[in-house]
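I have placed the structure first, in the form of structure tokens, so that the comments after it can refer back to it.
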Amino acid sequence: MIKTRTDGTTTRSITAYGHYALALASTVLGCFMMFFDEFASVWQPVPDGLPMRSILAYIYGAIFVLSGLLSLSKSYRKQGNIGIALAFGLDAIALHLPRIIGSPLVFNFWSSFGEQIAVASAAVTLVTEGDSRFATLRTCSILVFGTSVLGFGAAHFIYLDQTAKMVPHAFTPHLFWATATGMCHIAAGIAILSGLFRRTALWLLTMMCLMFGILVHLPSLIEDYKNHFWWFGNAVNFTLVAATWVFADAEQMLIMRRRQSK
């Protein structure tokens, strides 16, 4: 798109859609929680014996839906993004952090924590965008996200056999693809943390996460649609696609602002 400055000159800009994706992903996840009256399986490890568990899942799902819908509106976008950040941040701190403290050597607990905090950090970036007072916070958000991506890659190797089993049958050998995608995550994490080729890494990571949904999660849902695990798996993967997209948009806009200031 083209924007016109007050002095009559024109400047090129972009339309960022990552925040729409994150808002929609939050809404979809919340809708599934409300529809199934349960938390998102392994991603929200709420104890089964918790009193009024189904009611709490419905209420919590409604918070995700409300936050997502507010984020889609122009008037309440910031409030919606704050809600998304708090909801995913609460997942990370209240549900996953205690497991890490109790069993710090179980890497899966760290990886699950990373998934939630990665999405929360993307929402924080949206909340603080365009405000120079929060530049440091935005930098911390991208570093947290990059560290999480490194963890996702490490999980591929630590749980290599389990990862290989999730590779579609048409893609052989399965161990190769499990290893290759793990290496891609690690490479992306290094690029994000170092700043070298960060924009390229973020866009490629967005596409890879999207392909995971198309090639792995969606076929599994179609094959076993009665299993709520796959409904939530698709929703959570969508949130990770959206979170990566948000950071890719932010990096793209940062580069364009630097060029326009010259």
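The values are calculated or read from the model by the stated rules, or taken from the named source; none is laboratory data. On a predicted model such as this, the values are computed, not experimentally measured, just so you know. Here the Cβ positions follow ideal geometry from the backbone for every residue, glycine too, while neighbour counts run over all protein chains shown.
One line per residue, one yes/no per condition, for (1) under 25 Å from residue 257 (Cβ atoms); (2) crowded, with 17+ Cβ neighbours inside 10 Å; (3) of a type in the set (Phe, Trp, Tyr):
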| residue | (1), (2), (3) |
| --- | --- |
| 91 | no, yes, no |
| 99 | no, no, no |
| 106 | no, no, no |
| 111 | no, yes, no |
| 114 | no, yes, no |
| 130 | yes, no, no |
| 137 | yes, no, no |
| 149 | yes, yes, no |
| 155 | no, yes, no |
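Which helices (runs of 4 or more DSSP H) sit wholly inside region 75-153 and have at least 3 residues that are modelled with pLDDT of 95 or more and within 15 Å of the chain's Cα centre (by Cα)?
Numbers: elements: 77-90, 97-102, 107-128.
Where helices (runs of 4 or more DSSP H) fall fully within region 75-153 and carry at least 3 residues being modelled with pLDDT of 95 or more and within 15 Å of the chain's Cα centre (by Cα), they are 77-90, 107-128.
Considering only region 31-50, state which residues are within 22 Å of residue 114 (Cα to Cα), within 21 Å of the chain's Cα centre (by Cα) and not acidic (Asp, Glu).
Filtering region 31-50 for residues within 22 Å of residue 114 (Cα to Cα) gives 32-33, 38-47.
If we keep only those that are within 21 Å of the chain's Cα centre (by Cα) as well, we get 32-33, 38-46.
The answer is 32, 33, 39, 40, 41, 42, 43, 44, 45, 46.
Scan region 155-166 and tell me whether some residue there is among the small types (Gly, Ala, Ser), touching an Asp or Glu at 6+ places or on another chain (Cβ under 9 Å) and at pLDDT 95 or above.
So in region 155-166, the residues among the small types (Gly, Ala, Ser) come out as 155, 164.
Now narrow it down to the ones that are touching an Asp or Glu at 6+ places or on another chain (Cβ under 9 Å): none.
No, every residue in region 155-166 fails to be among the small types (Gly, Ala, Ser), touching an Asp or Glu at 6+ places or on another chain (Cβ under 9 Å) and at pLDDT 95 or above.
In region 229-259, how many are over 20 Å from the mean Cα position of the chain (by Cα) and in contact (Cβ under 8 Å) with a residue 60 or more places away in the chain?
1
Is it the case, given these coordinates, that residue 242 is within 30 Å of residue 132 (Cβ to Cβ) and touching a Leu at 6+ places or on another chain (Cβ under 7 Å)?
Details: within 30 Å of residue 132 (Cβ to Cβ): yes; touching a Leu at 6+ places or on another chain (Cβ under 7 Å): yes.
Considered against the rule, which asks whether it is within 30 Å of residue 132 (Cβ to Cβ) and touching a Leu at 6+ places or on another chain (Cβ under 7 Å), residue 242 comes out as yes.
Evaluate region 174-185: report whether one residue or more is more than 19 Å from residue 24 (Cα to Cα), outside any helix (DSSP H, G or I) and among the aliphatic types (A, V, I, L, M).
Within region 174-185, the subset more than 19 Å from residue 24 (Cα to Cα) is 174-185.
Restricting the remaining residues to those that are outside any helix (DSSP H, G or I) gives none.
Scanning region 174-185 turns up no residue that is more than 19 Å from residue 24 (Cα to Cα), outside any helix (DSSP H, G or I) and among the aliphatic types (A, V, I, L, M).
I'd like the full set of residues that are surrounded by fewer than 19 Cβ atoms within 10 Å (Cβ to Cβ) and in a helix (DSSP H, G or I), limited to region 157-173.
157, 158, 160, 161, 162, 164, 165, listed by residue number.
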